[in-house]
Amino acid sequence: MTASKDAVQAPLLRVENLGVLLQNEGRVVRVVDAVSFRLKQGETLGIVGESGCGKTLLCRSLLGLLPGCAAVAPDAKAFFDGKDLFRLSESSLNKVRAAGIAMIFQDPLSSLNPVMTIGRQICEPLVHHLGMTARKARSRAVELLHSVGVSGAEQRVDHYPHQMSGGMRQRVAIAIALSCGPKLLIADEPTTALDVTVQAAILDLLMRVQAGSKTGMILVTHDLRVAATRTHEVAVMYAGRIVERISAGALFTHMRVPYTRALVDAIPKMDRPPHAPLHAIEGRPPGPAGAIYGCAFAPRCDRAIEKCRARTPPMRSDRSGRHWYACWNPIQEPAP
Amino acid sequence: MSALGKRALHLFLVVFAASSVTFLMVDLLPGDAAYQIAGDTATLEDVQAIREELGLNRSLVLRYMNWLADVARGDLGVSYLTREPVREAIMARLPVTIELMIAAQLIALVLSVPAGIYSGYRPRSCIDRILGSTSFAVMSIPVFVMALVLIYLFALKLGWLPATGYVPLSADPVANIRSMLLPALSIALVEWVPLMRVLRSDMIDTLHEDYILMARSKGLPTHTILFRHALRPSLFTLVTLFGIQVGHLIGGALIVETIFALPGIGRLLIGAIFSRDIIVVQGCILFIAVAYVAVNFLVDISYTLLDPRIRRGGGGWLTAPHIR
Amino acid sequence: MNPPSEIPPAAGRKSFSEALGESFWLSAIWLVCVIFFAVTADLWPLAEYDHMNWESPAAPPGTEIHAEIPGGGRPVEMKKVSLLGTDTMGRDILARLIFGARTSLAIGLVTPCIGMVIGGLLGMMAGFYRGRTEAVIVAVMDVILAFPGLVFLLAITFILGPGLDHIILALGLLTIPAFTRVARANTLRCARLEFVQSARMLGQSDIGILVQEILPNVIWPMIVYALLVVSYMIVAEGALSFLGLGVPAPTPSWGAMIAEGKEVLDKAPHVSLIPAMVMFLTVLSFNIMGDCLRRAVHPKEEQL
């Protein structure tokens with residue numbers, strides 16, 4: 001790829017060979033490995049996978065928010081706005097946070113500070129990053145709350161998180177994330193901890209926000225249907241690796257990796273006859289304990305061949321160049 | 001709020017019982033209290049006079065009622081030796097003791113809060129380890145030893161600060177601070193350690209919370225996160241301990257006032273014990289107990305200020321024998 | 001390259017003594033020495049602890065002292081090196097330290113026993129019977145706790161007058177609430193457990209259950225706690241003696257020795273600082289041992 005071409009359609013975020021190392025009782029394990037993807041402005045990348053597959057650590061690593069026992073592998077790169085996020089000083093990373101990349105966490109019950117009013121929590125980045133006065137920040141906070149659908153925003157700014165419902169709190173968290181007009185929004189399972197009834201509303205809100213401001217978004221979820229309907233491209237993760245990257249529309253029909261198909265099959269469907277058995281995936285994903293030889297999914301895969309157990313499959317693309325998958329024995333593309 | 005009300009009632013009963021115990025001191029003294037007060041050289045008439053004055057001839061119940069009524073009006077009796085009303089004697093010395101305790105606790109906070117925050121922020125770091133082991137050693141130094149070491153170093157060897165004496169704040173603020181510094185430091189250097197330790201462990205817990213991650217994701221600088229986001233939720237145990245330490249502070253003040261010759265309540269009490277001025281002893285002990293219970297009640301209330309979520313019932317009553 | 005190192009050392013494999021750490025053993029050695037000298041104090045060729053030698057008051061360590069040894073007919077003059085010097089009245093500091101250790105240890109070791117027996121009994125009753133018994137016991141403890149520790153001590157010693165036995169009694173009283181608390185918490189915890197319930201079903205008497213089922217579960221947390229109390233008690237006795245309300249003279253006590261030296265701190269700091277150091281090391285050792293044991297045994301002390 002030439003430099004000029006790069007400049008023309010420079011992606012918002014370009015992640016290359018991202019690995020996250022976790023130190024566990026004196027051993028170092030790679031919990032995220034060889035993750036590469038690109039994200040364009042205004043697009044949404046969905047990341048799906050079972051719990052423990054490294055989704056959260058992947059997101060946190062981009063913002064430099066890994067826990068003390070984890071670290072980004074030295075050869076990883078993540079270009080955002082022309083800068084490699086992994087090589088920024090803490091102070092320049094602080095400028096990227098909020099103003100460049102904002103994050104929404106899984107559990108709104110614990111992600112808001114219980115002893116600060118939500119108004120103060122929204123105002124903080126406004127004052128710190130945008131240099132607003134306290135009064136201006138406050139009126140902006142009211143606007144923001146209003147825009148994320150919090151009713152009675154004027155009163156709500158002075159409330160404490162415990163006085164609000166889970167859905168409301170997640171709206172507040174979104175307002176905080178949007179406060180400085182980020183170019184990229186990372187939403188780490190933003191609806192998992194919420195009631196089913198408010199999940200859709202929160203996702204709608206996120207879609208609306210994103211469409212309005214052309215931000216890019218990484219939406220982490222374990223719900224395939226959410227990924228298929230709310231994103232442009234879906235990355236399927238298994239045991240710390242991305243095993244398939246596919247456009248959202250083709251997810252249910254054109255998947256080529258057996259693991260993706262297994263995930264799709266495990267979704268309960270309305271059109272099935274009642275009491276039909278669900279297709280749970282046999283076995284459990286490998287823990288981050290041992291070294292993995294070959295494809296990590298091979299022990300649970302019904303299409304596994306000899307090669308799968310010997311060598312890790314590399315990422316390769318189909319002819320279109322937009323569908324990437326890592327499998328030695330992929331599912332055949334259905335006839336057009 | 002009803003939990004708080006219950007607690008207030010409970011504390012009232014405790015104070016009431018404690019005052020009764022204090023009252024009974026006179027009767028618990030072995031032998032005749034009047035003889036004790038009068039001393040060895042007293043005549044029979046003297047003893048009789050004392051008896052009359054204290055009402056020792058009357059029945060216990062009657063005396064108790066009278067005493068209680070007096071105490072409720074703030075009348076703690078009159079010193080037999082100096083003829084000074086006990087209430088006046090206490091009030092005259094109270095500012096010294098309060099200044100000493102506040103100064104000591106301020107120094108303890110100034111030392112423990114930054115140290116606790118840093119240790120909690122970087123646990124197992126070099127500084128944390130040093131703080132951890134030295135603090136354990138410091139905790140084993142009794143207040144009176146600490147006071148002597150400080151006198152030896154700063155008053156006798158270096159000559160920076162006076163070893164004894166007290167200058168009122170109104171007379172000369174600088175001299176007052178100089179005279180208070182070593183006494184306050186003697187108490188503070190012992191008391192800051194537990195404060196630091198609880199803050200450290202609470203800080204470690206708080207820093208694992210999601211909202212700290214959230215605050216970091218907002219791109220706030222570390223000091224903002226530590227002081228604005230993490231400190232307040234980490235203060236509960238510290239505040240509890242603060243209340244408990246008032247007991248240590250009072251004990252420390254007793255000793256330190258004696259060593260540094262500060263005219264506070266501690267010296268009043270100790271002096272009265274030596275001269276067996278029972279009315280003064282009784283008054284001081286009652287006053288200290290009531291103040292102590294009141295402060296602990298205030299600490300309970302302060303929880304609600306710290307955390308809007310909770311109305312914690314119960315809270316920090318004492319768990320250890322606390323003499324320093 | 002080295003696969004064995006990949007297996008983390010199992011935490012449980014550490015032996016008990018390893019888990020305690022070397023600071024534990026250093027402390028233990030110091031305490032054993034103190035106890036040994038305290039017990040065998042009479043067997044050593046020490047100067048008499050209450051023999052005043054006005055010729056050489058506050059002599060620094062290592063001074064040669066003229067000592068009169070009462071011989072057969074008339075006193076024999078001889079010179080003797082005073083290892084740690086003498087105090088303001090010319091008494092040998094080493095002798096006083098060793099005999100003072102008796103006082104400190106007697107107080108430090110006996111008072112927690114008083115607290116443990118009475119407090120343990122009350123706490124077990126409170127935790128076992130609940131209801132009114134518990135309410136009364138807790139209320140009484142709250143009244144004791146309404147007085148700051150040292151003030152409580154002063155009040156008791158004021159009433160009882162000076163004397164080693166009185167001080168032990170006062171300090172013992174002071175520790176009762178804390179032991180009651182520990183015993184009650186642990187009783188509450190194990191009274192809920194199955195074996196106690198089943199003992200009840202089998203019709204075992206209350207006393208039987210308390211002694212056979214609950215006591216063994218309560219005693220260990222109390223003993224660990226007692227180790228921490230020992231150092232408190234030594235310090236408390238020191239404070240009392242320092243204030244002049246401790247063990248009456250001439251019985252030596254570390255606190256009193258420190259207080260005496262205060263007058264000559266400028267010219268002869270050793271008079272005060274040597275006993276201060278000894279007290280510090282002893283208290284530190286008890287603290288370290290208590291802390292190590294608590295961490296090694298790991299009884300989760302419930303906050304109630």
The percentage of Cα-Cα pairs in the protein assembly as shown separated by more than 55 Å is 33
What's the ranking of C:271-277, C:212-218 by average number of surrounding C-beta atoms within 10 Å, highest first?
C:271-277, C:212-218
Angle between the Cα long axis of helix A:196-213 and the longest principal axis of chain A, 0 to 90 degrees, nearest 10?
80
From the backbone phi of the range A:181-192, what are the Karplus-calculated ³J(HN,Hα) couplings (6.51 cos²θ - 1.76 cosθ + 1.60, θ = phi - 60°) in whole Hz, Gly and Pro given as x?
x, x, 8, 9, 10, 10, 10, 8, 6, x, 10, 4
In cubic angstrom per residue, the convex hull of chain B built on its Cα atoms measures 170
Just the Cα atoms of the range A:297-336: what Rg and Dmax do they give in Å?
11.3, 33
Mind pulling the angle between the C-alpha long axis of helix A:166-178 and the longest principal axis of chain A? Nearest 10 degrees, somewhere in 0 to 90.
80
Could you check the simple spin-label distance between residue B:12 and residue B:178, using points 7 Å along Cα→Cβ, in nm with one decimal?
5.0
With every protein chain in place, what's the accessible area of residue A:36 (1.4 Å probe, Å², nearest 10)?
50
Rounded, prolate or oblate: pick one for the range A:146-205, where a ≥ b ≥ c are the square roots of the eigenvalues of its C-alpha gyration tensor, a/c under 1.5 means rounded, and failing that, prolate if a/b is larger than b/c, else oblate.
oblate
Measure off, as a whole percent, the carbon and sulfur share of the 1.4 Å-probe accessible area of the protein assembly as shown, all protein chains present.
62
If I take all pairs of Cα atoms in the range A:1-132, what percentage of them are more than 17 Å from each other?
66
Tally Lys and Arg at +1 and Asp and Glu at -1 over the other residues with C-beta under 15 Å from the C-beta of residue B:181: what net charge comes out?
-2
Using only alpha-carbon positions, what ratio does the radius of gyration of the range B:155-314 give when scaled by 2.2 N^0.38 Å?
1.36
Chain A: angle of helix A:118-130 to the longest principal axis, Cα-based, in degrees nearest 10:
90
What does the structure give for C:233-240 when I average, per residue, the other chain Cβ atoms found within 10 Å of the residue Cβ?
5
Within chain B, helix-based [θ] at 222 nm, where runs of 4 or more DSSP H residues each add -39,500 (n - 2.57), nearest 500:
-23500 deg cm²/dmol
Taking a ≥ b ≥ c as the square roots of the eigenvalues of the Cα gyration tensor, with a/c under 1.5 meaning rounded and otherwise prolate when a/b exceeds b/c and oblate if not, the range A:173-216 is prolate
With a ≥ b ≥ c taken as the square roots of the eigenvalues of the C-alpha gyration tensor of the range A:195-236, please select rounded if a/c is under 1.5 and otherwise prolate if a/b is larger than b/c or oblate if it is not?
oblate
Using packing as a proxy for protection, rank A:229-237, C:238-246 so that the peptide with the highest average count of other Cβ atoms within 10 Å comes first.
C:238-246, A:229-237
Shielding by partners, peptide B:241-254 (average Cβ within 10 angstrom, other chains):
3
Angstrom value of the Kirkwood radius, inverse mean 1/r, which spans all Cα pairs in the range C:147-304:
18.2
Residue mean of other protein chain beta carbons inside 10 Å, C:155-161
6
State the Kirkwood hydrodynamic radius of chain A in Å, one decimal place, computed from all pairs of distinct Cα atoms.
21.2
In whole angstrom, note down how far apart the Cα centers of the range A:195-262 and the range B:42-74 are.
86
Along the positive direction of the dipole of chain A (beta-carbon charges: Lys, Arg +1; Asp, Glu -1; about the Cα centre), which of A:101, A:88, A:267 reaches farthest?
A:88
Counting helices only, and only those DSSP H runs with n ≥ 4, report the 222 nm mean residue ellipticity of chain A as the sum of -39,500 (n - 2.57) divided by its residues, in deg cm²/dmol to the nearest 500.
-9000 deg cm²/dmol
When chain B is modelled as a GNM with alpha-carbon springs shorter than 10 Å, which of B:27, B:210, B:128 fluctuates the most?
B:210
Accessible area of residue A:214, 1.4 Å probe, to the nearest 10 Å²?
130
Cβ under 14 Å from residue A:66's Cβ, residue A:66 left aside: what net charge do those residues give with Lys, Arg +1 and Asp, Glu -1?
+3
Please sort A:248-254, C:288-294 by packing, taking for each peptide the average over its residues of neighbouring beta carbons within 10 angstrom, highest first.
C:288-294, A:248-254
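The values are calculated or read from the model by the stated rules, or taken from the named source; none is laboratory data. Bear in mind that the values here come from a model prediction, so they are computed numbers and not experimental data. All Cβ positions, glycine included, derive from the backbone under ideal geometry; neighbour counts span all protein chains shown. Side chains included, ligands, DNA and RNA excluded: accessible areas come from the protein's heavy atoms. Shrake-Rupley method; radii C 1.70, N 1.55, O 1.52, S 1.80 Å.
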